1. If you go through segment 62-76 one residue at a time, do you hit one that is hydrophobic (A, V, I, L, M, F, W, C), at pLDDT below 90 and assigned by TED's automatic domain parsing to the domain that holds Ala135?
2. Starting from segment 206-230, keep only residues that are touching a residue at least 60 places away in the same chain (Cβ under 8 Å), then list their pairs with residues that are buried (at least 18 other Cβ atoms within 10 Å of the Cβ) and not in a loop (DSSP other than H, G, I, E, B) whose Cβ atoms are within a distance under 6 Å, requiring at least 6 positions of separation or different chains.
3. How many of the residues in segment 10-59 are modelled with pLDDT of 80 or more, within 20 Å of Thr110 (Cα to Cα) and hydroxyl-bearing (Ser, Thr, Tyr)?
4. When you go through Tyr284, Tyr335 one by one, which is the residue that is within 24 Å of the chain's Cα centre (by Cα), buried (at least 22 other Cβ atoms within 10 Å of the Cβ) and modelled with pLDDT of 90 or more?
5. For Phe490, all conditions in the list (1) at pLDDT 75 or above; (2) surrounded by fewer than 19 Cβ atoms within 10 Å (Cβ to Cβ) hold save one; what is the number of the exception?
6. In the list Leu525, Leu557, Leu609, Leu533, which residue meets the criterion of being touching a Phe, Trp or Tyr at 6+ places or on another chain (Cβ under 8 Å), surrounded by 10 or more Cβ atoms within 10 Å (Cβ to Cβ), of a type outside the set (Ser, Thr, Tyr) and at pLDDT below 75?
7. Residues to consider are Ala273, Ala249; find the one that is out of contact with any Cys (no Cβ under 7 Å at 6 or more places or on another chain) and at pLDDT 90 or above.
8. Show me the strands (runs of 3 or more DSSP E) entirely contained within segment 405-485 in which 2 or more residues are closer than 18 Å to Thr378 by Cβ and in contact (Cβ under 8 Å) with a residue 40 or more places away in the chain.
Amino acid sequence: MKAYRCVPFVAVTFLFLFLIAPKKASADYIVNNTDPACSTNSTPPCFTTIQSAINSWASLTTVGTTIQVKAGTYHEAVVLTPGISLHGSETAKTILTSGGTSTTGALITTSSGNASISNFTFSNATLGILVTNNATVDINNNVFYMGQAGTAVQVQSTTSTRIFDNTFYNNGSAINSNTDILITSNIFLSNIVALTSSLSQFTQLTYNDFFTNSTIASNGQQPDSVTNIFLDDPLFVNSGNGDFHLQAASPCRNTGNPASQYTNPSYYPPDPATQTVKSDMGAYGGPGTDSIPFQISGVAATTPSTTSISLTWNANKSYLVGGYQVYYGNASGDYTGTGATEGSSPVTVPTGTAATTFTLSGLTISAVTPSIPTLNPTAPLNESLALSWTAAPGATGYKVYYGTTSPPSTAIDVGNVTSYALSGLTNGQTYFVAVSAYAKSLLYLAVTARDISTGPFAPGVQHESAYSTEITAGSGDLMESALSNVKSDFPEALVAYPNLPNTHQGCFIATAAFGYYSAPQVQALREFRDRYLVTNSLGNAFVEWYYRVSPAAAGFLNAHPGYKPAVRTALLPAIGISLLLTQMSSAMKIVLMILASCGIAYLYYRKRLSGSGGSC
């Protein structure tokens, strides 16, 4: 066979081998149940549940992959396919829980093959992780607090599972295993039983801290005291708040398993005395340490002057925190501010974990006058008026003006809302209302904690906590828009049909006739009243007379509903005229008046001709 004739055969052969060969996932999968942009078409693909990501990966012929689960609360029971590394983005905020749902089995079940589960918080379920059928699973850097009726980890019929650098807090049973597995560098605090087993002893139980557990081991085993710690409080930063980082004085610091596979030289410098690299016990120890510090709380601000802002916050007492960042900007969520003497945002607070105060100075804080909002039609309520208006770009709040004369002069600061119930009014009294928008001279601020590494830093992503709760502060100067359009209305005691029990409720005849206050026919009559009657003395006198006689008529109609169809028919001309006058443009009104005048003139002329014997 000539050489060139072999080319098609070789090409087809390679294509066939390519199609049947195992394929490795090109990128990790992402799970994010809080991001609206999460899409399986993105790169890497993004899923909203952990199980859907696992199922998608399992449908391929792959060598293995890592599924990264973004911070959030996940209410699901997961069956883990062998070959997957399941990794949470932030231990304290990547939560797997039954959350009061019907989940009664394990939150994660894995059987056979290799897998790893790291950097999650497991809570409020019967069972956290179930490992069966000789699976080789690494469980590390997780927090388990299942409740005193729950088991954190259960291992059945496997000897190659490793449980290291976890925190077990307030569980019924922390670890339940019928095989001798490796358990190292963990913290067991306030569990009913730390270790449950039918074995006579665990032979790979080293470098753990046991504190205030009702029972250490159900088999009566007393772990050796050479590497394990007893009766020593691990000194968590705040276990009640879910912060299981260690304080500087913790006995679990630098006392974890010193074997190289359990240390992290880049995070933990060598021990000064021995020059050996050690690691910490617990969920924030070892090579899988979560690099994101716990979120800062208690941020508050004062303004010593019109050009400075002083911030205070609660210290993050984790010894892994190396300092703080202060972010500021001119809009909510936009921390790109400039102009402070201390530097552009973010500003590094240089004094370490003890620092809980910082002042930004040399600020120029100004606001732009927002545009004028538009007041929508009002709606009467009992002794109040329901108001709403359009939002004004750039506004940080609104003022409602009201009074019995126009323009109204009494102001109420209602905050950053676009609707308000103006209460404390007198039924039947005409009020004029308007609204203005204002912008305060404010800065928007947040604080983050940074860890002891050299970065790179990114809030909520790596080596830096997520932003604290945003606060505002500034000089308080107010830039207020002009008043909106003015509306007039009066509150009235309303009782919806059929509840018109007496003649003292101040109800419209039209409301009783049409059955409910928001009927479009009733609203048409109200609009006519507001625009054409209460604006002049004669019309206002008619309205006052009407409100004296209408309650009795409304009560009569409620007592004799058979008359309502006739009343509705009688009101139709008035409703039609009201709609024409309130909905029609000025130009059309002029045309209508001309046509009406022509019609009247024509009828008058025709009548005169008829009376004189003439013809049309």
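1. Going residue by residue through segment 62-76, those that are hydrophobic (A, V, I, L, M, F, W, C) are 63, 67, 69, 71.
The next check asks that each one be at pLDDT below 90; those that pass are 63.
Now narrow it down to the ones that are assigned by TED's automatic domain parsing to the domain that holds Ala135: 63.
Among the residues of segment 62-76, at least one is hydrophobic (A, V, I, L, M, F, W, C), at pLDDT below 90 and assigned by TED's automatic domain parsing to the domain that holds Ala135, which makes the answer yes.
2. Tyr207/Thr184; Asp209/Ile187; Asp209/Ile229
3. Residues in segment 10-59 being modelled with pLDDT of 80 or more, within 20 Å of Thr110 (Cα to Cα) and hydroxyl-bearing (Ser, Thr, Tyr): 4 in total.
4. Values: Tyr284 fails: within 24 Å of the chain's Cα centre (by Cα).
Tyr335 is the lone residue from the list that is within 24 Å of the chain's Cα centre (by Cα), buried (at least 22 other Cβ atoms within 10 Å of the Cβ) and modelled with pLDDT of 90 or more.
5. (2)
6. Numbers: Leu525 fails: at pLDDT below 75; Leu609 fails: touching a Phe, Trp or Tyr at 6+ places or on another chain (Cβ under 8 Å); Leu533 fails: at pLDDT below 75.
After ruling out the rest, the residue left standing is Leu557.
7. Working: Ala273 fails: at pLDDT 90 or above.
Being out of contact with any Cys (no Cβ under 7 Å at 6 or more places or on another chain) and at pLDDT 90 or above holds for just one of Ala273, Ala249, which is Ala249.
8. On the way: elements: 410-415, 419-423, 431-451, 471-480.
Filter on segment 405-485 gives 419-423, 431-451.
The values are calculated or read from the model by the stated rules, or taken from the named source; none is laboratory data. Just so it is clear, the model here is predicted, and its values are computed rather than measured. Backbone-built Cβ (ideal geometry, glycine too); neighbour counts: all protein chains shown.
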